[in-house]
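**Q** Take a look at this one; I'll ask things after.
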Amino acid sequence: MSIKQVLCIDLGGHGFLREAGARELGAAWQGWQVYPVKTLAAAARALRSQPFAVGVLMSSLDGLDEIDRFLQQHWATHWIGVFPPRILQSAACRRLVRDHCYDYHTLPIDTVRLQHTLGHAHGWASLRDQAELASTEAIEADMGLKGHGVAVERLRRQIRKVAGASAPVLIWGESGSGKELTAQAIHAHSPRAAGPFVPINCGAIPAGLAQSELFGHERGAFTGAARDKRGLIESAAGGTVFLDEIGDLPLALQTNLLRFLQEKTIHRVGASHSIAVDARVIAASHVNLLHAVQQGSFREDLYYRLNVLALDVPPLRERKEDVLSLANHFFATYLTERSPLVKGFSSAAAQAMLEHGWPGNVRELINRVRRAMVMAEGRLIVPQDLGLAASGPAATGNAPLGGLRLRADRDAVQASLARCGRNISQAARELGVSRMTLYRLIKKLNIKC
């Protein structure tokens, strides 16, 4: 029989861990390998080193806010709370149990019930992990969301959650980060997957034709309208319409789009009646739409209609652990284009890619890899083939690590401020620092607010 692992955290000093191997608890721990810790910091280190499907937390709930943050960060573990009976009279304790715990026990421990709880928690965790693995593999295989880093895994979880809903989705991400791939993944794993997916680049539609292109027109509505024409939104009936760069949509069309979102009907140009259209709307933008609302270039009511389910697509600089696997994937994808001698990437090229900031995100990586595959003259691609500087003291100065860290900090702070509409409090929460710490970072990094 395989040994199951449980992480036990004793924060209350009640001697629970000292009793872990005692005769009274022997039945509960039978078949389990117990990892005892006495602080949340030690528990966090243990969870970083290996995953635990099940955890036991024993506490008198001193430092409740810290415990709440810890459990929120480590939500993937099924937590079983063990508390003194009087603690459960506290509303704060009941909220913590409701929000974070799979189950709870009170002292003195009923070992039989604890054994059952541990077994059930482990079983549910196994079922969830198998389902998530299958869903993750399906999304990656179907939609090309490559990578296994923390940021892209978080995006996959969010896709799984929003795919089954019918509400509008607003995707934010820098240019080239993969917003359309994200929209396609949502559509492909939604109940509308059998329907059409209609992408529309709002910034590429000529202003004079935008109304007709989006909503269609009737015969004779204007010169050259020789027949009825369905608009792009109408052609997405039964499926999904993807409005890319929604921030570039003219204000006049924003009004019509708002009417469609509210009433699920459209009005063709020159028509005397409305047409019902059942299409889900997914919108995307690389600009902060809330900031655009404040500037008067985007309707506030439309923003809140679209921003029901919000997703952030991480930039490539926040997915450094995926850079090399993505590069190898694109190398395999465009294998027929390569120079016959080219066999792969040199270690110097790999290092250069890891150190590059990727302002153009995944699109930039694709372009650099494809160019290098054609232009490289040796068997292995070198940094110069990618258009990147080789790493080392000569290229990065006397303190390359410090410089890289400063650039990474500056990129992270600037990106967070942009996403939060320059709201210091919101950006501080997103970055996990205090307001004063963020102010000091802004001053140190010479960032203009």
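The values are calculated or read from the model by the stated rules, or taken from the named source; none is laboratory data. Everything quoted here is computed from the prediction, not taken from an experiment. Here the Cβ positions follow ideal geometry from the backbone for every residue, glycine too, while neighbour counts run over all protein chains shown. When the accessible area is computed, the model is the full protein with side chains, heavy atoms only, and any ligands, DNA or RNA have been set aside. Shrake-Rupley method; radii C 1.70, N 1.55, O 1.52, S 1.80 Å.
**Q** For the range 251-304, what log10 I(q)/I(0) values come out of the Debye formula at q = 0.27, 0.32 1/Å, with one point per alpha carbon and no solvent?
**A** -1.12, -1.32
**Q** Further question: With each label point set 7 Å from Cα along the Cα-Cβ vector, what nm distance links ARG157 and ARG94?
**A** Rounded to a tenth, the inter-label distance reads 2.8 nm.
**Q** Under a 1.4 angstrom probe, counting protein chains only, how are LYS179, LYS444 ranked by accessible area, largest first?
**A** In descending accessible area the options line up as LYS444, LYS179.
**Q** How big is the Cα convex hull of the range 146-281 in projection, averaged over all directions, in nm²?
**A** Mean projected area of the Cα convex hull: 8.9 nm².
**Q** Under a point-charge model restricted to the Cβ atoms of Lys and Arg (+1) and Asp and Glu (-1), what is the dipole moment magnitude of the range 81-132 relative to its Cα centre, in debye to the nearest 20?
**A** Computed charge dipole of the range 81-132: roughly 280 debye.
**Q** Taking the Cα centre of the range 47-133 as origin, work out the dipole magnitude from +1 charges on Lys and Arg Cβ and -1 charges on Asp and Glu Cβ, in debye rounded to 20.
**A** 140
**Q** Ranked highest first by the average count of other Cβ atoms within 10 Å around their residues, in what order do 113-120, 184-191, 356-363, 42-49 fall?
**A** The most tightly packed comes first, giving 184-191, 356-363, 113-120, 42-49.
**Q** So for each of 96-107, 317-328, 277-288, 261-272 I average, over its residues, the number of other beta carbons within 10 Å; can you give me the resulting order with the highest mean first?
**A** 277-288, 317-328, 96-107, 261-272
**Q** Grab the alpha carbons of the range 301-395, take their convex hull, and tell me the volume per residue in Å³.
**A** Per-residue hull volume (Cα only) is 127 Å³.
**Q** If you don't mind, there's one more thing I want to ask. Any chance you could list P(r) for the range 207-355, counting all Cα-Cα pairs in 10 angstrom bins from zero, rounded to whole %?
**A** 9, 28, 22, 17, 16, 7, 1
**Q** With label points built 7 Å along Cα→Cβ from the Cα atoms of LEU380 and ALA276, find their separation and express it in nm.
**A** 6.4
**Q** Report the calculated FRET efficiency for SER347 and THR39 (r = Cβ-Cβ distance, R0 = 41 Å), to the nearest 0.05.
**A** The value I calculate is 0.55.
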